[in-house]
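The values are calculated or read from the model by the stated rules, or taken from the named source; none is laboratory data. Computed from a predicted structure; not experimentally measured. Glycine gets a Cβ as well: all are built from the backbone with ideal geometry, and neighbour counts include every protein chain shown.
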Amino acid sequence: MIPRYTRPVIGAVWTPQAKMEAWLEVELAATEAWAEQGAVPTAAAAAARADGAFTVEAVEEREKVTDHDVAAFVDVVAASVGEHGRWIHYGLTSSDVLDTALALQLQRAGEVVVAGARAYRDALVERALEQRDTLCVGRTHGVHAEPTTFGLRLAGFAFEADRNLTRLEQSFDQLAVGKLSGAVGTYASVPPAVEARVMERLGLRREDVATQVVPRDRHAALLSVVALAGAGLERFATEIRGLQKTEVREVEEPFAAGQKGSSAMPHKRNPIRTERVTGLARVLRGYAQTGLENVALWHERDISHSGAERVILPDATILLDYMQHLGTGIAEGMTIHAERMRENLELTYGALFSQRALTALVESGMTRDDAYRVVQENAQRAWDTRTDFRELLGAAAPELDLDAVFDYGAYLTHLPEIFARLEALQA
């Protein structure tokens, strides 16, 4: 991933140095497990632990000869150990190391991503509770529907973020598996006991049935969940973008001191963070598609997935971490124009009370279709002619209690029950 979108902590998980350190963890754990089985000299395992080393530059230089990254790595580490270096990679195939080390990297990436998902959810919960009584218009099809509160709107995003947090936790957990079962998964060159010892040392579970690789449905599941979390962030970003339009201007994303919205138009305050989230969510969906295509490999394994994974797994986790950071900052720092929200409620001249008017007319004895026609005609006239709907309805149905019909409070009656659910989530 380009530096612009890479935050340092998760970026460090995916460096060549970090990747090869994970390889070395697997190699050393395997050598020690073999020694415990009596197949490798104890002195060899001790020497490997004490002296096994590499530099990325040395491995890359050796790869120019081997044209195989793991083989180059093994050569470099074995040379660093000396006489006992011949026991490095004993009984293993490259994918034993690659897939098990990848699981270690994904667990480390998962710690960062899950923490970011939790911070994003918590920011939304806090702002939702803060804005629970901030009245605004609800829109369906982009058109004014009925009153709601901005806090309720944020509560929906908060619960979605919580679901994505749970899915991410589960997806990273199901990837905490490795394999040391050899070239086609038969344990012909590595007994299950060695694999078990290695996985215990590394804090991983074994893959119950592997081919030469850990099955790629696990990785596809993670990438799909990452894309889904990105879609949730995009939904929030799209809402803020819509509310930041000049004609609406109910919410604005943070605008820092010294920030410039346009090189040509100094008045501009553009929703660049939310637009960035929207664009990057599209990239995550592409990675999810690639992950699904990586599931079907030839027989016990080919490497059609390998090159793609070198890009999509680091990039997907790095991007989601960055997007969650943006989303948290937007949630915490957005400017909420409550007065503008109240002004916008009046744009239809009261027509958004149409359902309450309809219900009141039905309760007064009118058939539903007749009531609908009365309300529809007068609500649309109010909107089209900029005439107060309450005045028009009063003339058409003088028997109605207009104070009861045109009551914003009626839309808020049951919100405490919903916000109790959000408070439970916060707790």
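Residue under question is G151, and the condition is that it be closer than 17 Å to D208 by Cα, touching a residue at least 60 places away in the same chain (Cβ under 8 Å) and buried (at least 20 other Cβ atoms within 10 Å of the Cβ); does it hold?
On the way: closer than 17 Å to D208 by Cα: no; touching a residue at least 60 places away in the same chain (Cβ under 8 Å): yes; buried (at least 20 other Cβ atoms within 10 Å of the Cβ): yes.
When the stated conditions are applied, G151 does not pass them.
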Open item on the list: Go through the range 82-93 and report how many residues are crowded, with 19+ Cβ neighbours inside 10 Å and assigned to a helix (DSSP H, G or I).
Closed with: 3
- [ ] Look through the range 398-413, keep the residues that are assigned to a loop (DSSP other than H, G, I, E, B) and free of Cβ contacts under 8 Å to residues at least 40 places away in the same chain, and return whichever of them is nearest to T134 (Cα to Cα).
- [x] T413
- [ ] Go through the range 146-247 and tell me which helices (runs of 4 or more DSSP H), entirely inside it, have 3 or more residues that are over 30 Å from R342 (Cα atoms) and under 13 Å from the mean Cα position of the chain (by Cα).
- [x] 150-173, 217-243
Task: The one condition in (1) surrounded by 22 or more Cβ atoms within 10 Å (Cβ to Cβ); (2) closer than 30 Å to A29 by Cβ that C136 fails to fulfil - done: (2)
Open item on the list: For the range 284-315: of the residues being closer than 21 Å to A237 by Cβ and in contact (Cβ under 8 Å) with a residue 40 or more places away in the chain, which is surrounded by the fewest Cβ atoms within 10 Å (Cβ to Cβ)?
Closed with: R285
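State yes or no: is A296 out of contact with any helix residue (DSSP H, G or I) (no Cβ under 9 Å at 6 or more places or on another chain), at pLDDT 95 or above and under 30 Å from G182 (Cβ atoms)?
Working: out of contact with any helix residue (DSSP H, G or I) (no Cβ under 9 Å at 6 or more places or on another chain): yes; at pLDDT 95 or above: yes; under 30 Å from G182 (Cβ atoms): yes.
For A296, the condition - out of contact with any helix residue (DSSP H, G or I) (no Cβ under 9 Å at 6 or more places or on another chain), at pLDDT 95 or above and under 30 Å from G182 (Cβ atoms) - is met.
Residues being within 17 Å of G279 (Cα to Cα) and in contact with a helix residue (DSSP H, G or I) (Cβ under 8 Å, 6 or more places away or on another chain): count how many of those fall in the range 225-258.
17
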TODO: Output the qualifying pairs, or none if there are none: Cβ atoms under 9 angstrom, residues six or more apart or on different chains, first residue in the range 221-235 and closer than 15 Å to T328 by Cα and assigned by TED's automatic domain parsing to the domain that holds F157, second residue among the basic types (K, R) and crowded, with 24+ Cβ neighbours inside 10 Å.
DONE: none
TODO: Evaluate the following for G110: is it in contact (Cβ under 8 Å) with a residue 24 or more places away in the chain and part of a helix (DSSP H, G or I)?
DONE: yes
Task: Unique match (being under 30 Å from D403 (Cα atoms) and among the hydrophobic types (A, V, I, L, M, F, W, C)) among I336, I312, I303, I330 - done: I336
Open item on the list: Just to verify a result, which residue in the range 48-68, among those that are buried (at least 20 other Cβ atoms within 10 Å of the Cβ) and assigned to a helix (DSSP H, G or I), is nearest to the chain's Cα centre (by Cα)?
Closed with: V59
Task: Failed item, numbered, when Y349 is tested on (1) in contact with a helix residue (DSSP H, G or I) (Cβ under 9 Å, 6 or more places away or on another chain); (2) over 22 Å from A256 (Cα atoms); (3) part of a helix (DSSP H, G or I); (4) not hydrophobic (A, V, I, L, M, F, W, C) - done: (3)
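Residues checked against (1) of a type outside the set (G, A, S); (2) surrounded by 14 or more Cβ atoms within 10 Å (Cβ to Cβ):
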| site | (1), (2) |
| --- | --- |
| L358 | yes, yes |
| G365 | no, no |
| R381 | yes, yes |
| T385 | yes, no |
| F406 | yes, yes |
